[in-house]
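Beneath this line is the structure, given in structure tokens, with notes to follow.
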Amino acid sequence: MMRSDEALSWLRNVDGRLYRNPRHASGRETWVAVVRTPRSGLQRGKLIVALGSTMEEAASAAESQWGAIWRKLGPAH
């Protein structure tokens, strides 16, 4: 999992956003990382919404999904 500084740096690099919901119904704090992958040719970018109980967890989940999408597109991207 990412450290706090790594999470914030990665989100800045991909123009992502981080939101905190202090009023989750469960009483726990929740975090949401939202990023969009760049478009690829004629394909629009994908929107990634990742949840976590910490900002690091949410950013790590978003980064994992981001990487999976780019691996699918292949080395030319």
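The values are calculated or read from the model by the stated rules, or taken from the named source; none is laboratory data. The structure displayed is predicted, hence computed values, not measured ones. Don't worry about glycine lacking a Cβ; one is built from the backbone with ideal geometry, like all the others, and counts go over all protein chains shown.
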Output yes when any residue across the range 18-39 is touching a residue at least 40 places away in the same chain (Cβ under 8 Å) and of a type outside the set (D, E, K, R), and no when none is. yes
Filter result for GLU56 (modelled with pLDDT of 90 or more, of a type outside the set (Lys, Arg) and surrounded by 15 or more Cβ atoms within 10 Å (Cβ to Cβ)): yes
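Mind telling me which of the residues ALA68, ALA25 ends up being exposed (fewer than 14 other Cβ atoms within 10 Å of the Cβ) and either touching a helix residue (DSSP H, G or I) at 6+ places or on another chain (Cβ under 9 Å) or not in a helix (DSSP H, G or I) (or both)?
Details: ALA68 fails: either touching a helix residue (DSSP H, G or I) at 6+ places or on another chain (Cβ under 9 Å) or not in a helix (DSSP H, G or I) (or both).
Of ALA68, ALA25, the one residue that is exposed (fewer than 14 other Cβ atoms within 10 Å of the Cβ) and either touching a helix residue (DSSP H, G or I) at 6+ places or on another chain (Cβ under 9 Å) or not in a helix (DSSP H, G or I) (or both) is ALA25.
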